[in-house]
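Trainee: Here it is: the structure, laid out below.
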Amino acid sequence: MSNRIAPKLLAEFIGTFALIFIGAGAGAVVGDGVGLPGLIAIAFAHGLTVMAFAFAYGSVSGGHFNPSVTVGVLAAGAMSAGEAVGYIVSQLIGGVAGALLLKTVLGGAATGLGMPALAHNLALGATTLTVTPWAGFVIEAVLAFFLVTVVLSTAVAGRAGSLAPLAIGMTLTLNIIMGGALTGAAFNPARALGPMVATGNFSDAWLYLSAPIVGAIVAAILHTGLARLAHEGMVAAAAQTPAE
């Protein structure tokens, strides 16, 4: 392992480990059935963790802490395939390690360790809702699309400067406030896989592992297309400007 990639992989491991230990841990501690206040607490636990560690490690690794973010950055042409593979492996190991430590400190897997799950008979107004796997796939993909779009438009494109971690953390928070009660709002294969391994429950694993990747790739395609159109517009405007 080269001296250049090792700090990046360690940063991704630590950041993802923290996200699962604090974010999934908040889900396990707060639990289900606590309404909007509990959901907001869980959302901020995730968002603030990502924001803090993105500030801490953004200059080292970019602060992905999510395989779907890494796939999006790769698809946008902002990193190499070899580096992306290393990031994803580190993130998945960090996610599993965080969940296993949660299992240890919480005395087992009885709390569910914050594992995401599709809603069943969720009370919404005057009706109840059961989220089907197809609907859950769409929700997880859209949430990942939002996150990766913000990452590419702020951290990667450099439009937000030093405030990129704040934008990314708030996107995570808003996503979970909306989708937390519906799917658990993981939109992160490492966030989903860690508790699954620790609990031995792999329900809808295909959904939680694949949907965020699809959303990330769509975000990367649109980001690249918009950047190309903006560049072409600038070139055309420059060509129409008369030389002095």
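The values are calculated or read from the model by the stated rules, or taken from the named source; none is laboratory data. Values in this document were obtained by computation on a predicted structure and should not be read as measured data. Note that each Cβ is placed from the backbone with ideal geometry, even for glycine, and that neighbours are counted across all protein chains shown. When the accessible area is computed, the model is the full protein with side chains, heavy atoms only, and any ligands, DNA or RNA have been set aside. Shrake-Rupley method; radii C 1.70, N 1.55, O 1.52, S 1.80 Å.
Trainee: Just the projected area, averaged over all directions, of the convex hull on the alpha carbon atoms of the range 4-45: how many nm²?
Mentor: About 2.8 nm², averaged over all directions.
Trainee: Calculate what fraction, in whole %, of the accessible area of the chain sits on carbon and sulfur atoms when a 1.4 Å probe is rolled over the protein chains.
Mentor: Looking at the chain in its full context, I get 70 percent from C and S.
Trainee: State which stretch of the chain is the longest one without any exposed trypsin sites (Lys or Arg not before Pro), exposure meaning a DSSP loop state and at most 16 other Cβ atoms within 10 Å.
Mentor: 5-158
Trainee: Quick one: length gained pulling Trp134 to Leu226 fully straight, 0.36 nm per residue minus the C-alpha distance?
Mentor: That works out to 30.3 nm of additional length.
Trainee: Any idea what the relative contact order of the chain is, in percent, if you count C-alpha pairs under 8 Å spaced at least 6 apart?
Mentor: 29
Trainee: Given the DSSP H assignment, sum -39500 (n - 2.57) over each helix run of at least 4 residues in the chain and divide by its residue total; what's the result at 222 nm in deg cm²/dmol, nearest 500?
Mentor: Taken over the chain, the calculation gives -23000 deg cm²/dmol.
Trainee: On C-alpha positions alone, give me the angle between the axis of helix 6-18 and the longest principal axis of the chain, in degrees, nearest 10.
Mentor: Rounded to the nearest ten degrees, it is 40.
Trainee: Mind running the shape call on the range 133-182? Use the C-alpha gyration tensor, a ≥ b ≥ c as the square roots of the eigenvalues: rounded below 1.5 for a/c, prolate if a/b tops b/c, oblate otherwise.
Mentor: It comes out oblate by the Cα gyration axes.
Trainee: Another one. Mind jotting down the three principal axis lengths of the chain based on Cα atoms? Whole angstrom, largest first.
Mentor: 73, 52, 28
Trainee: Now, a different point. In nm, to one decimal, how far is the Asn121 label point from the Ser59 one, both placed 7 Å along Cα→Cβ?
Mentor: Calculated label separation equals 5.4 nm.
Trainee: Could you state the angle between the C-alpha long axis of helix 189-199 and the longest principal axis of the C-alpha atoms of the chain, as a value from 0 to 90 degrees rounded to the nearest 10?
Mentor: For helix 189-199, the angle is close to 20 degrees.
Trainee: Residues in the range 94-113, backbone N under 17 Å from the label point at Ser203 (7 Å along the Cα-to-beta-carbon vector): list them, ranges by number please.
Mentor: 109-113
Trainee: Then there is this: So with the 1.4 Å probe, I'd like the accessible area per residue for the chain, rounded to whole Å².
Mentor: 47
Trainee: On to the next question. Round to the nearest 10 and give me the degree value, 0 to 90, for the angle of helix 205-240's Cα axis relative to the longest principal axis of the chain.
Mentor: 20
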